[in-house]
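I have placed the structure first, in the form of C-alpha cells, so that the comments after it can refer back to it.
The values are calculated or read from the model by the stated rules, or taken from the named source; none is laboratory data. For clarity, every value in this text was computed on a predicted model and none was experimentally measured. Because the Cβ atoms are built from the backbone with ideal geometry, glycine has one as well, and the counts that use them run over all protein chains shown. Ligands, DNA and RNA are stripped out before the accessible areas are found, and what is left, the full protein with its side chains, is counted by its heavy atoms. Shrake-Rupley method; radii C 1.70, N 1.55, O 1.52, S 1.80 Å.
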Amino acid sequence: MTSKISEKPHLTPLILWIMTITTGFVVANIYYNQPLLDDIANSYHINSAKAGQVAVFTQIGYALGLLFIVPLGDMFERKKLMLIDFIFVVTSLLIAAWAPTITILLIASLCIGISSVIPQLLVPMAAHLAQPHERGKKIGFIMSGLLVGILASRTLSGFIGEHFGWRAMFYIAAGMMLVIWLLVYLQLPRVEADYKGKYQHLMASLVKIFMDEPALRLASFRGALCFACFSAFWTTLVFLLKYQFNLGSDVAGGFGLLGVLGAVAAGMMGRLSDKMDSYKLSAFTIVLIIASFVLFLLSGNNLIGLGIGVILMDVGVQATHISNQAVIFALNPAARNRINTVYMVSYFIGGSTGTFLATMAWQHYQWPGVCAIGITLSSVVLIVHLLTRQKMKAHRATALS
C-alpha cells in the first residue's frame, strides 16, 4: 500500500493535455494587456509610455513570482500550491477589471504577474513525470500550449477590447481561471516535493545552483535577451498599427494568429532537442530572430512583411526557449523547480527590460528605434553563444572526468 502511494504518477496523455491547456490559459493573463495599451491610454488620458508600464509591471510581477513562488514547488506538494495560487490570480484579474485609476491598474498588473506562475510549476512537474528519453518532446508539447496561450491571448483581448472595452477582457479572464481551477483540482495528480529544508535555505541555494551550472547561466542569458526582443516587438506593435495604418486593437491581436505557427514549431523543436546538438539548434534559432527584426525594419509600411517577420520571430524565440529548457532540466533532477526559477526569472527580467526599452524607443524614435533594439539584442545573444562553445565543451569534459 505504501509503495503505491509513493510511486511516481505516470504522465498519461490526459494529464499532459490538462497541463498544456492550463499552461496556455494561465500564461495568457500576462499578455492580455498588450493589444489594449492604446485603449488603456485613452481611458486614463495618459501617453503611450505610461500605458506601456502596465505591460512592464506585469512582467516584473511575473519575475517576482518566479523568484519567490516557483521554488516552493521543490518544497511543497505541487497541486495544492497551484490551487491556492489560483485564488490570487482571480482576485488580481478582478481588481484590474475594476481599477478606477492607472495606479491601481499598475498594482493589479503587478499582482497578476506575481500569481500567474502556475505554468512554471507545471513544466518542471512534467519534466519530473516524463521518461528521460522523451523529456524534450513532452516539454515541447506543453510549451506549444504556452505559445498558443501567449499568441491567442493577444487575438482574444484585441477582439474583446475593440467590441466590449478593455475591462471586459479581465472579467472574462477571471471566469476562465475558475474553470481551469476546477480542471486542475479534478484531474492533476499529487506530486510530493523532494526538498526537506527551510525556505531561506531553499532560496539561498538558488545562488549556488546558478554559480555551479555554466549551462544554466548561458541558457538564462540566451533566454533573457531573446525574450527581450519578443516583448519589445509585441508591446509596440499596437502603436505601429494605430499610427502607421490607423488599425485598432483587434488587428494587433489578429497578428497573434500568425505566431501560432511558432507553436507548431515548438513541438518539432522539442523532438529535435532530444536528437541533435542543442548548441547548433540554438545558433540557428537565434539567427531567425535577427532575420525577423531586419525584416520588421524593412517592412514598417508593409503588413505582409510584418506578418512574415512575426512567424520568423515566434519560431526563433520559442525554439530557443525549448532548447534551453531541454538543457537545464537535464542538470539536477532534485532541483528542477529552482533551476527553472533561475532560468525564468532571467527570462522575464529580459522581457520587462525589452518592454521598457521598446516603449522608450517608440516615444523618441518610433518603429526604427524598436527594430534597432531587437537587432542589437539578438546579435549580442548570437555572438556570446558562439564565443562560449569551447568553454562549454571544456566544462563538460571536466565534469565527465
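Shape index of the chain: Rg/Rh, with Rg the Cα radius of gyration and Rh the Kirkwood radius from the inverse mean 1/r over Cα pairs, equals 0.96. Rolling a 1.4 Å probe across the protein heavy atoms gives the range 54-119 an accessible surface of 33 Å² per residue. For the range 123-153 versus the range 199-240, the spacing of their alpha-carbon centroids is 18 Å.
Stokes-Einstein diffusion for the range 334-379 at 25 °C, viscosity 0.890 mPa s, with a Kirkwood radius from C-alpha pairs, works out to 207 µm²/s.
In terms of distances greater than 25 angstrom between alpha carbons, the cross-link table entries Lys208/Lys280; Lys79/Lys198; Lys137/Lys196 yield Lys208/Lys280; Lys137/Lys196. Spin-label model, Asn42/Arg389: points 7 Å from Cα along the beta carbon direction are separated by 5.1 nm.
Basic side chains Lys and Arg get +1 at the Cβ, acidic Asp and Glu get -1 at the Cβ, and with that the dipole of the range 71-152 about its Cα centre reaches some 200 debye. Taking the 1.4 Å solvent-accessible surface of the range 1-143 as the whole, the part contributed by carbon and sulfur is 71%.
From the helices alone, meaning DSSP H stretches of at least four residues, give me the mean residue ellipticity at 222 nm for the chain, per-run term -39500 (n - 2.57), in deg cm²/dmol to the nearest 500.
After summing the helix terms and dividing by the residues of the chain, the value is -28500 deg cm²/dmol.
Taking only the C-alpha atoms of the range 129-213, the Rg (one decimal) and the largest Cα-Cα distance, Dmax (whole number), read 19.0, 52 Å.
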